[in-house]
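Data block below; observations after.
The values are calculated or read from the model by the stated rules, or taken from the named source; none is laboratory data. The model shown is predicted, which means the values in this text are computed figures rather than measured ones. Please note: Cβ atoms are built from the backbone with ideal geometry, for glycine as well, and neighbour counts cover all protein chains shown.
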């Protein structure tokens, strides 16, 4: 024998409850009141029966819906049974549909975010493997060549050892940058906020890379003569890393005989904006939104020839955001780029 539909079971049970209630009410009314009160007693007990029936039907309907939804929560793995509250169940189908729709939209957004993260994780692991593989194979190749006899020739030995050392330096750079990003993303690297002269720090970075710039005949200059120091508040070591990455980037992609220019201006009454600009090759507009992503390169082959970990601009973004500040980029392809970031004025 086929089982009754759930709705039929619900209807039969509700009808049974109401029938029993009606019989009891009728018997009690007849024995106790009808003989003496007549029509008034019928009206009173009719009202009582109506109100009682309403609450019984309402409770039964909510209970029926709750049990069905509870079963759905148990069967669908993405739904948490603890999210289901008895008080949220209603017989208002329109309101109930709206509630379910909102819940579904939230879950869809959550699933989309998880899917995006998983895709990003796969891409990231693939990029890390690729970046590490190139210098590793390079170092391995030179070392194997030396082991197989090339070490007997002093000139070849020195050349290959130098090249292998460059590969090791690149590996070290990638690992250090990955470690820094991991610490920044997990709040493992706390910012040591203190006042310092941003002009002095920029000059220190210029002095550090003066020889590197001279190889391409690039001049590192300020946009004007600053008569007074300009004090900002931040983590001086981390901001130095930001300036190093931006200056190195401007030299790497700057044109031979060009300029890398630094400037510090008032952004508003509480902040300065620090700009590092060059007159190099610039960046096409379609690349700008993704330029701060880890390992994203505008020109894969040329970028790898230039060296670096491919994480420099991502580190810049993480450090500036860890200061609760803003990083900006303006670029015109063929004319140059301007990276800028804000810092709080020291009081």
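In table form, for the structure just shown:
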quantity: Answer from 263, 250 - the residue that is in the same structural domain as residue 314 (by TED's automatic domain parsing), under 18 Å from residue 340 (Cα atoms) and in a strand (DSSP E or B); calculated: 263
quantity: Residue within region 134-156 that is under 27 Å from residue 317 (Cβ atoms), surrounded by 11 or more Cβ atoms within 10 Å (Cβ to Cβ) and modelled with pLDDT of 85 or more present; calculated: no
quantity: Lone qualifier among 308, 280, 254 - being over 23 Å from the mean Cα position of the chain (by Cα), within 23 Å of residue 220 (Cβ to Cβ) and at pLDDT below 85; calculated: 308
quantity: Flag for residue 238 being buried (at least 18 other Cβ atoms within 10 Å of the Cβ) and part of a loop (DSSP other than H, G, I, E, B); calculated: no
quantity: Enumeration of residues in region 261-274 that are crowded, with 22+ Cβ neighbours inside 10 Å and under 20 Å from residue 292 (Cα atoms); calculated: 274
quantity: 3 or more residues touching a residue at least 60 places away in the same chain (Cβ under 8 Å) and over 27 Å from the mean Cα position of the chain (by Cα): qualifying helices (runs of 4 or more DSSP H) within region 154-215; calculated: 198-208
quantity: Output for region 241-269, where each listed residue is in contact with a strand residue (DSSP E or B) (Cβ under 6 Å, 6 or more places away or on another chain) and within 15 Å of residue 325 (Cβ to Cβ); calculated: 246, 264, 265, 267
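Here's the yes/no breakdown for (1) within 18 Å of residue 316 (Cβ to Cβ); (2) crowded, with 19+ Cβ neighbours inside 10 Å; (3) at pLDDT below 95:
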{"residue": "180", "(1), (2), (3)": "yes, yes, yes"}
{"residue": "194", "(1), (2), (3)": "no, no, yes"}
{"residue": "211", "(1), (2), (3)": "no, no, yes"}
{"residue": "222", "(1), (2), (3)": "no, no, no"}
{"residue": "229", "(1), (2), (3)": "no, no, yes"}
